[in-house]
Amino acid sequence: MKSDSRIWFGGIMAITLVYALGTLVDSGGLPLTVRAGTWPTAVAAGLAALSLLYAARTRALGGTEAVEARPDAGRTEEAEDSGVDGAAALRFLGFSALAWCAGAVTYPVTGLFSANAALSLTFADLFSLVALPLFAIGFTRFAPLPQGVRPSLRHFTDSYVCAAAVFAVVWLLLFAPLYSELENSGFIGFALVYPVADIVVLCLLAPLVFTSPHRTRRAVVLTMGAFIIICGADLIGTITRLTGEPLAGGIEYPVRLLGFALLAGLPWLIRDNAGVAPRRITGRGLYRFAPEIAATAALALAAVVLTVAALRIDGVAPVLPLVAGSAVLVLLVRVAGLLEENATLARMVHTRERHFHELAKNSGDVILILEEDGTIFYVSPGTAEAFGYRLDDILADPITAIVHPEDVPRLGAAVSAFKRGATEGVHLRVRVRAADGTWRHTESTASLYERPGEPNRLLVTARDISAQVALQEQVNHLTFHDGITGLPNRAYLEERAREVLGRSGRAEGRRSGVAAIFLDLDGFTAVNDSAGHTFGDYLLAQAARRLRSTVNAGHTLARWGGDEFSVLIEESAQAGHVVDLAERLVRVISGEPFQVADREVVLSASVGVAFAEPGIDSGELLRNADMAMARAKELGGGGRLEIYAAHMHAKVVHRLELQTKLRQALAEGEFLLEYQPVVDLESSRVTAVEALVRWRHDGSVVPPDEFIGPAEESGLIVPLGEWILREACQKVAVWRATSDWDIGLSVNISVKQALSSRFVETVAGVLAESGLAADVLTMEVDEEVLLENPGEAVARLSELRELGVRLAIDDFGMGYASLAHLRQLQVDEIKIDPSFIRDLGTDGTVTLLTHTIIRLGQDLGMQVVAEGIERPEQLERLRAMGCAYGQGFLVAKPMASDGVEALVGGEADISMA
């Protein structure tokens, strides 16, 4: 398509150039162009008409196919270029070319080359004048006129001003001299019809070039170029008619030929422009004001030309006042339009102000307009409902009088930002004092408020979010506080400890004075399980109230979890003061019973204390205090207080390593059993053996005290206890089967063993595998089993009794649980704690208690065994008290299975042991 455009343009220029050379060729005393007259231009105009009308018909018939062929150029482009109709544009341009052709053909036929032709209008001129409106209509189909009354009026008035100014310049420079020379100057107006009409149409259409759609921009430019060339030919023709001599050898005809040839090639020159990408004529969109720019430029040029001419000539032609006066009238019309537009704008502003006030009145938000110094210029009526103020009270004081002092800098920063030229809104959260003195949380948006002729102000829209803030605070409280006691929870304490240690380290370079206290309620689990969780929750709440009344305001008391509480010492305090506080916490717990419903509960506490050292973090501090508390419970609890030392951590690590080794030892069979005989104190006959576990590790035997505790903590005691039971039952069953030994077996069971779900099934299975009778086996339990979970423990041990297994209470006399459950549990045997036997004969109270226990067992029909017999005088006293059975180093030490076999062969010589 581009090559076709070049061929058309090249052909047009070649024809024009050849025809223009006719101005230089004389023929009969006249140039060839004058001799040829208007016939070549008539032919060119006719060809232009045919070309344009053919292209219009082709577009009209092929418009549907074109849209279907280019779906992306259908509805979108037509919607964007509203008013554009390419086929209609070409059709009207073809009609205008046809009118020009008719005028060119009629002109020589009517013989207008006579002497008076310049001073009159002919029938040919009428055809040419008809072509102008047809051309204007066709052009506006490519470049539509402004839509609406006001834009159209502005365009026409600006076009008239521009045309008047251009005509004034043309008149002064070209026609004024001719006007003074012509004798019949009253008829010069007929000759000026062409240039005046051309100037009016040109000034009307030229601004549309800059506002035309991008899709038709090329067609608009080419069409306007052709029209400017035709206007130039008309201007040359007017001068020729007034002077009576061809200008420049008849240059009018080649110029007109070029214009018509350009119109003839228009359909072919613009065919490839349908897909041109949109682009702006200028960088700032000034093309939108093309009529105003054109009128201003023309008036400026006319003013300069008229001023210069006024300085050089004596008089001014009477047409100039007419043009100037009419321009002034049009300008007055334009000014009236501007005034009307200003009045409309004023009404719009007033309406919007009224809407603003209605919105502010009915809005739930508070709307303020502030001066730059913070004075309140306007406040919405809703403020009275939101904050309880009267409007006069608010307007009397600056905004800073009701804003929280801590939030005033935020408001000042927003004002400063707008002073520096900020245009976007600023979001603020400030607290505002209500009329009742309370502080309300608000969320505000501040933006610049501008009104013509007034200083800039600040528009603030505020919303009361106190309810949202209160809800958020409640959520935060629930997140970081315990629901039962109301104390801060573990998460809060950890965060607080991190903050305190960080602040202390930055301020002093050291962390002395910061400490942590951990407190655990002894026996709370048993109370909780026996009485229920609701009972336990009430108990925790009472304990929390007692602790809170003891802790100072500068400390943080929290519930760590379960029945554990913790205190973070935030103030710089001496170690002695921290320990005193820990002791007071113990006393306040154990000082008097807790009253829950109709029951009284006596509790004690175990406490651990840890001090912050240089380089320690919050996690280590709290862990150390927890570790010290665990050490206090391990050593017996009951009000015991332990202070963390470095060896505690090492001991914990050692216990963890030991638990790992125990699991490996159980898998590799490193455990073995020893048996300690139980003898009849009267006959010295061995009646039973107690199975005791030993660990042979790295060539040495590890005492039970070093590994039973870690095995209990890790849960390894359950499989280890099962191994002990199976091994001992099998050994005793063999002894009883291979001889006539009537020997019993005692096996200790731990808390976790007794409470394990399959404990009873395991015992029954071991008895079945070994073939040992159930009444031969005695299971020894200590008081800890009955304290941990008495209900479940009694039920589990009762199931053992149903199997026929005998039960014994080990270390009897060390607490209250044994006496409390003797009747319910139906124990077969009690074993007196070695501490009673050790002080037997030296302490009268202990001697009396020992005798009482023996008598109690005899009265209840239970077998009584004294443990820890080490001296002959202890044996004699026990015999005198009627104790039937004994166990201890005086009788025999724990021994391997072969040693038991040798001992059982006869009666033990107790006196020689």
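So here's what we get for this one:
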quantity	calculated
Condition broken by residue 384, with the remaining ones in (1) part of a loop (DSSP other than H, G, I, E, B); (2) modelled with pLDDT under 75 satisfied	(1)
Count - residues of region 198-243 that are within 60 Å of the chain's Cα centre (by Cα) and free of Cβ contacts under 8 Å to residues at least 24 places away in the same chain	1
Checklist (1) under 29 Å from residue 493 (Cα atoms); (2) touching a Gly at 6+ places or on another chain (Cβ under 7 Å) applied to residue 477, failing item	(2)
Within region 489-545, considering residues that are at pLDDT 85 or above, basic (Lys, Arg) and surrounded by fewer than 16 Cβ atoms within 10 Å (Cβ to Cβ), the one nearest to residue 636 (Cα to Cα)	545
Selected residue [under 59 Å from the mean Cα position of the chain (by Cα), within 21 Å of residue 802 (Cα to Cα) and part of a helix (DSSP H, G or I)] from 754, 764	754
Where a residue in region 96-116 is over 24 Å from residue 139 (Cα atoms) and among the aromatic types (Phe, Trp, Tyr) and its partner, wherever it lies, is part of a loop (DSSP other than H, G, I, E, B) and at pLDDT 50 or above, with Cβ under 6 Å and at least six apart	107/38
Count of region 387-429 residues which are modelled with pLDDT of 70 or more, polar (S, T, N, Q) and outside any helix (DSSP H, G or I)	0
Residue within region 678-692 that is under 50 Å from the mean Cα position of the chain (by Cα), of a type in the set (D, E, K, R), outside the structural domain of residue 620 (by TED's automatic domain parsing) and buried (at least 17 other Cβ atoms within 10 Å of the Cβ) present	no
Close pairs (8 angstrom Cβ cut-off, 6 or more residues apart or separate chains): closer than 18 Å to residue 783 by Cβ in region 749-760, among the aromatic types (Phe, Trp, Tyr) anywhere	749/759; 753/759
Matching residues in region 878-899 - criterion: being closer than 29 Å to residue 694 by Cα, surrounded by 17 or more Cβ atoms within 10 Å (Cβ to Cβ) and hydrophobic (A, V, I, L, M, F, W, C)	884, 890, 891, 892, 895
Qualifying residue in region 616-624 (condition: modelled with pLDDT of 80 or more, outside any loop (DSSP other than H, G, I, E, B), surrounded by fewer than 13 Cβ atoms within 10 Å (Cβ to Cβ) and not hydrophobic (A, V, I, L, M, F, W, C))	yes
Selection within region 107-135 - modelled with pLDDT of 80 or more and buried (at least 18 other Cβ atoms within 10 Å of the Cβ)	131, 132, 134, 135
Selected residue [surrounded by 15 or more Cβ atoms within 10 Å (Cβ to Cβ), in contact with a strand residue (DSSP E or B) (Cβ under 7 Å, 6 or more places away or on another chain) and at pLDDT 85 or above] from 732, 702	732
When residues of region 59-105 are limited to those that are outside any helix (DSSP H, G or I) and modelled with pLDDT under 50, the one nearest to residue 260 (Cα to Cα)	81
Selected residue (criterion: modelled with the lowest pLDDT) from residues of region 476-488 that are among the aliphatic types (A, V, I, L, M) and in contact with a strand residue (DSSP E or B) (Cβ under 9 Å, 6 or more places away or on another chain)	484
Within region 431-448, considering residues that are crowded, with 17+ Cβ neighbours inside 10 Å and out of contact with any helix residue (DSSP H, G or I) (no Cβ under 6 Å at 6 or more places or on another chain), the one modelled with the lowest pLDDT	444
Filter result (within 14 Å of residue 89 (Cα to Cα), in contact with a helix residue (DSSP H, G or I) (Cβ under 6 Å, 6 or more places away or on another chain) and not in a helix (DSSP H, G or I)) within region 129-170	143
Entirely in region 780-882, the strands (runs of 3 or more DSSP E) that have 2 or more residues that are modelled with pLDDT under 85 and within 30 Å of residue 524 (Cβ to Cβ)	806-812
Checklist (1) part of a loop (DSSP other than H, G, I, E, B); (2) not assigned by TED's automatic domain parsing to the domain that holds residue 546 applied to residue 486, failing item	(2)
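The values are calculated or read from the model by the stated rules, or taken from the named source; none is laboratory data. Note that the coordinates shown come from a computational prediction; the quantities given were computed from them, not determined experimentally. With ideal geometry, Cβ positions are generated from the backbone for all residues, glycine too; neighbour counts draw on all protein chains shown.
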